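A quick write-up on the structure given underneath.
The values are calculated or read from the model by the stated rules, or taken from the named source; none is laboratory data. Please read these numbers as outputs of a predicted model, since none were measured by experiment. Virtual Cβ from ideal backbone geometry, glycine too; neighbours counted across all protein chains shown.
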Amino acid sequence: MYAKPDSTTLKARLAKAGDAMDAALKSLSYGMSDDERRMSAVGLQGMRGANDPGRPDITPDIAPLPESAQRVPNEVALGRPSRQEAEAAVRTLLRWAGDNPTREGLIETPARVVKAYEQIFGGYRADADALLERVFEEVEGYSDAVLVRDIPFYSHCEHHMVPFMGLAHIAYYPTKGVVGLSKLARVVDAFARRLQTQETMTAQIADTIESILQPRGCAVMIEAEHLCMAMRGVQKAGVSTITTQFRGVYKNDASEQVRFLTFVRNQKG
């Protein structure tokens, strides 16, 4: 007669079967990507944990958003080095480049570089959303587009830490009111003064204007020259890169895009 196994024996059999399943999955995972293998393992462990009260439930880890996708990266969570550590890193780079950081012309360079970086990368400490929070509602019924053209900016490519610079053009259709014109230029700086890609920077500016001002539409155009293309690599100077983002009426109405581009290109003769 078949004897029903006790709970201890049953658990042992289940655990052994689970280990066999793990081994089988591993043997079949040679064609999987790292992400597929990880999710496969997490999924199996989660099923086993859910059916065994002796095991805690296992949930898959969700990767945080990359810093480039966050408007105000958290410096504290990144473990920001001290000024002394930053200056020591500059001395290391000077030695690696082949120079002597203790000679007269370079002795103060590490301190100067760190001080310059505080300004060049000051966008990490700027809250772009807060810059647009004050809106002027008394605009005497004005509801047409507002365009600020030729905003100069300087940024750094996140791939080589080499500068790229150019002009930003921003337009929006106000709904609740208008924002101070200088604030749009400050939003550009808030994102430009970080390690960036031009495409990400264009989208971040448009996202901020759209979410804070909630206009009927907004348009952002950036044209820039990248020194990582001019002074290294292919070494082609004078090449312009143009990126755009259209939201709301600018995205849905091609004539609004043409109007925006006409205003941007209508240089004074």
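With the requirement that a residue be surrounded by fewer than 19 Cβ atoms within 10 Å (Cβ to Cβ), in contact with a Gly (Cβ under 9 Å, 6 or more places away or on another chain), farther than 12 Å from Cys157 by Cβ and not basic (Lys, Arg), what does the stretch 190-232 give you?
Glu210, Glu223
Among the residues of the stretch 163-176, are any surrounded by fewer than 18 Cβ atoms within 10 Å (Cβ to Cβ) and more than 30 Å from Ala237 (Cβ to Cβ)?
Of the stretch 163-176, the ones surrounded by fewer than 18 Cβ atoms within 10 Å (Cβ to Cβ) are 163, 165, 167, 175-176.
Filter once more, so that each one left must be more than 30 Å from Ala237 (Cβ to Cβ): 175-176.
Within the stretch 163-176, one or more residues are surrounded by fewer than 18 Cβ atoms within 10 Å (Cβ to Cβ) and more than 30 Å from Ala237 (Cβ to Cβ).
Yes or no: Leu261 closer than 16 Å to Ala128 by Cα and either modelled with pLDDT of 95 or more or in a helix (DSSP H, G or I) (or both)?
Working: closer than 16 Å to Ala128 by Cα: no; either modelled with pLDDT of 95 or more or in a helix (DSSP H, G or I) (or both): yes.
So Leu261 does not fit the description; no.
I need a count of the residues in the stretch 99-148 that are within 30 Å of the chain's Cα centre (by Cα), acidic (Asp, Glu) and assigned to a loop (DSSP other than H, G, I, E, B).
The total comes to 2.
Collect the residues in the stretch 149-204 that are part of a loop (DSSP other than H, G, I, E, B), closer than 23 Å to Glu138 by Cα and among the β-branched types (Val, Ile, Thr), keeping them in residue-number order.
Step one: list which residues in the stretch 149-204 are part of a loop (DSSP other than H, G, I, E, B), which gives 158-162, 174-177, 180, 193-194, 197.
Filter again for closer than 23 Å to Glu138 by Cα, leaving 174-177, 180.
Answer for the stretch 149-204, where residues must be part of a loop (DSSP other than H, G, I, E, B), closer than 23 Å to Glu138 by Cα and among the β-branched types (Val, Ile, Thr): just Thr175.
From the list Val135, Val148, which one is surrounded by 10 or more Cβ atoms within 10 Å (Cβ to Cβ) and at pLDDT 95 or above? Give the steps one after another, and end with the answer.
On the way: Val135 fails: at pLDDT 95 or above.
Every option except Val148 fails the conditions.
Please count how many residues of the stretch 224-258 are in contact with a His (Cβ under 8 Å, 6 or more places away or on another chain) and not in a loop (DSSP other than H, G, I, E, B).
If we filter the stretch 224-258 for residues that are in contact with a His (Cβ under 8 Å, 6 or more places away or on another chain), which is where we start, we get 228, 232, 239, 241.
Add one more test, that the residue is not in a loop (DSSP other than H, G, I, E, B), and what stays is 228, 241.
Total meeting the criteria: 2.
Could you tell me whether Gly248 is touching a residue at least 24 places away in the same chain (Cβ under 8 Å), farther than 27 Å from Tyr142 by Cβ and more than 19 Å from the chain's Cα centre (by Cα)? Write out each step before concluding.
On the way: touching a residue at least 24 places away in the same chain (Cβ under 8 Å): yes; farther than 27 Å from Tyr142 by Cβ: no; more than 19 Å from the chain's Cα centre (by Cα): yes.
Spelling it out, it is not the case that Gly248 is touching a residue at least 24 places away in the same chain (Cβ under 8 Å), farther than 27 Å from Tyr142 by Cβ and more than 19 Å from the chain's Cα centre (by Cα).
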